[in-house]
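Below is one structure; the comments refer to it alone.
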Amino acid sequence: EKNPFFALMLGGLWLALPWFVFNGIALGSATRVREWIALAVAAAGTFLLATVLIALNESGVLEGTSLRLAALSMVALKLGMGYAVVILQTRGFEIWQYFGGAPRNGVLVVVLGMLATPFVLGPLQGSIYWLVLE
């Protein structure tokens, strides 16, 4: 249930976003549209924040430690929206589990995703897309 959130924390949005979407579909989640909106807000909001931070850095308004602290807003947004999706999917997961669904441990996928992140996002290093997907 919480494995996609761990994937978000350790692997990034590139790994967690499809997993959250898959879980919502597989569980037959009644809140699927809200989940997808939260995930879209995470991706689009991070892109917007990254664009603003890059512009502020290029204009000299934010530099060094101030820029790094402001960049934490992107992490907070992704984690906040990811947690919102976990909360939305919890009810569907509990119903699925009540009717005999056996939860599976996805830690191996999380670890493999974490190890694959440099290879998957490597070509995007230094771009705005890397900031969004990481």
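Give the residue list of trypsin sites (Lys or Arg not before Pro) in segment 49-134 that are DSSP loop and have at most 13 other beta-carbon atoms within 10 angstrom.
R104
Return the sequence-ordered ³J(HN,Hα) values of segment 59-74 in whole Hz as given by the Karplus equation 6.51 cos²θ - 1.76 cosθ + 1.60 applied to θ = phi - 60°, using x for Gly and Pro.
Those phi angles translate into 8, x, 6, 10, 8, x, 5, 4, 5, 5, 5, 5, 5, 5, 4, 5 Hz.
For the chain, modelled as a Gaussian network with Cα springs under 10 Å, which listed residue fluctuates most, L53, L27, L69?
L69
Dipole of segment 4-133, Cα-centred, from +1 at each Lys and Arg C-beta and -1 at each Asp and Glu C-beta, to the nearest 20 debye?
Dipole about the Cα centre, nearest 20: 280 debye.
Could you state the number of Å between the C-alpha centres of segment 1-28 and segment 47-125?
10
Which one of S73, S29, S59 has the biggest mean-square fluctuation once the chain is modelled by GNM with Cα springs under 10 Å?
Sorting by GNM fluctuation, first place goes to S59.
Quick one: if the Förster radius is 35 Å, what FRET efficiency do W130 and Y98 give, using the C-beta to C-beta distance and rounding to 0.05?
The pair W130/Y98 has a calculated efficiency of 0.30.
Modelling each spin label as a point 7 Å along the Cα-to-Cβ direction, I'd like the W36/V75 distance in nm, to one decimal.
Output for this residue pair reads 3.1 nm.
Between A55 and T90, what is 0.36 nm times their sequence separation minus the Cα-Cα distance? Round to one decimal in nm.
Length gained between A55 and T90: 8.8 nm.
Using the Karplus equation 6.51 cos²θ - 1.76 cosθ + 1.60 (θ = phi - 60°), what ³J(HN,Hα) coupling, rounded to whole Hz, does each residue of segment 13-28 give in order, writing x for Gly and Pro?
5, 4, 8, 6, 4, x, 5, 4, 4, 4, 4, x, 6, 5, 7, x
Let me know the whole percent of all Cα-Cα pairs from segment 4-133 that are separated by more than 19 Å.
Taking all Cα-Cα pairs of segment 4-133, the fraction more than 19 Å apart is 54 percent.
Hand me the chymotrypsin sites (Phe, Trp or Tyr not before Pro) from segment 1-106 located in a DSSP loop with no more than 15 other Cβ atoms within 10 Å, in residue order please.
Answer in residue order: F99.
Using a cut-off of under 19 Å, list every residue of segment 92-132 whose amide N is near the label point 7 Å from the Cα of L67 along the Cα-to-beta-carbon line.
Those under the cut-off are 124-132.
Laboratory data are not the source of any read-out in this text; all were calculated from the coordinates shown. Being a predicted model, the structure only gives us computed values, none of them experimental. Positions of Cβ are backbone-derived with ideal geometry, glycine not excepted, and every protein chain shown enters the neighbour counts.
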